[in-house]
Amino acid sequence: MNFTIETHTISLKSKGDCDIINITNKVNEIVRENNFTEGSALLFVPGSTAGITTIEYEPGLLKDYPNFFEKIIPKGQNYHHDDTWHDGNGHSHVRASLQGASFTVPFKNKSLILGTWQQIIFVDFDNRARSREIIVQLTGIKE
C-alpha cells in the first residue's frame, strides 16, 4: 500500500442559470479506476460563478435550491459587478461565493462515504451555458 496524491478532472457542459449536475458517480469512478482504497477527495471548481456541495438529488430540491438563491440573491437586482463589467452576472458571483468552490469527502473501500440520500452536486450560477472542469484531488492509500 502506498500513500499517494493524484489530481484528476471532470469535464462537463452546463446550462448556467443555477443548473445543478450530480457528479457523485463520476467522483466515485475516479476513486475506483485509480485504485484508491481509503482517503479523501477534494473537489474544486475553478472560476467565480459556480460551486459544489451536497444535497438529496430529487425533483423537489432541484426546484427548491434555485428558488432559495433567487430569494436571497435575485437576478433582477442591480449589482456593482455589472456596472464594472456589463455582463449581467453579478448575482452569479455573489451566489457562487456563498455556495463555495470546494468540497471534501472521505472514501473507504474504494467508495465515497456519503449519507444514504446524499449526492455531490456542481451548481453553475452563471447567466450562460459553459464548459467547466472540476478538479478532483485524491489523497490516500492505493492498492
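Residues in the range 1-23 that are of a type in the set (S, T, N, Q), surrounded by fewer than 19 Cβ atoms within 10 Å (Cβ to Cβ) and closer than 22 Å to R95 by Cα: how many?
2
Based on what the data block shows, is E56 modelled with pLDDT of 95 or more, surrounded by 15 or more Cβ atoms within 10 Å (Cβ to Cβ) and not polar (S, T, N, Q)?
In short, no.
If I ask for residues that are within 18 Å of H8 (Cβ to Cβ) and of a type in the set (D, E), which ones from the range 22-61 would you list?
Answer for the range 22-61, where residues must be within 18 Å of H8 (Cβ to Cβ) and of a type in the set (D, E): E29, E33, E38.
Within the set of pairs 6 or more residues apart or between chains, which connect a residue that is assigned to a helix (DSSP H, G or I) and among the polar types (S, T, N, Q) inside the range 73-92 to a residue that is at pLDDT 95 or above and surrounded by 10 or more Cβ atoms within 10 Å (Cβ to Cβ) with Cβ atoms less than 7 Å apart?
Hits for this filter: S92/T49; S92/F125; S92/D126; S92/N127.
Let me spell it out: the conditions are (1) within 22 Å of S14 (Cβ to Cβ); (2) out of contact with any Phe, Trp or Tyr (no Cβ under 6 Å at 6 or more places or on another chain); (3) in a strand (DSSP E or B), and N67 meets all of them except one. Which number is the exception?
Every listed condition holds for N67 apart from (3).
Being closer than 19 Å to T116 by Cα and surrounded by 16 or more Cβ atoms within 10 Å (Cβ to Cβ): is that true of I73 here?
Here the answer is no, as I73 does not meet what is asked.
Kindly provide the set of residues from the range 91-117 that are under 23 Å from E70 (Cα atoms) and buried (at least 16 other Cβ atoms within 10 Å of the Cβ), ordered by number.
Within the range 91-117, H91, S92, H93, V94, R95, A96, Q99, A101, F103 meet the criteria.
Only one of (1) crowded, with 17+ Cβ neighbours inside 10 Å; (2) more than 21 Å from the chain's Cα centre (by Cα) fails for G88. Which number is that?
(1)
I'd like to check something: does the range 125-143 contain any residue that is modelled with pLDDT under 95, in contact with a strand residue (DSSP E or B) (Cβ under 7 Å, 6 or more places away or on another chain) and loosely packed, with under 14 Cβ neighbours inside 10 Å?
yes
The values are calculated or read from the model by the stated rules, or taken from the named source; none is laboratory data. On a predicted model such as this, the values are computed, not experimentally measured, just so you know. As a convention, Cβ positions derive from the backbone with ideal geometry for all residues, glycine included, and neighbour counts pool all protein chains shown.
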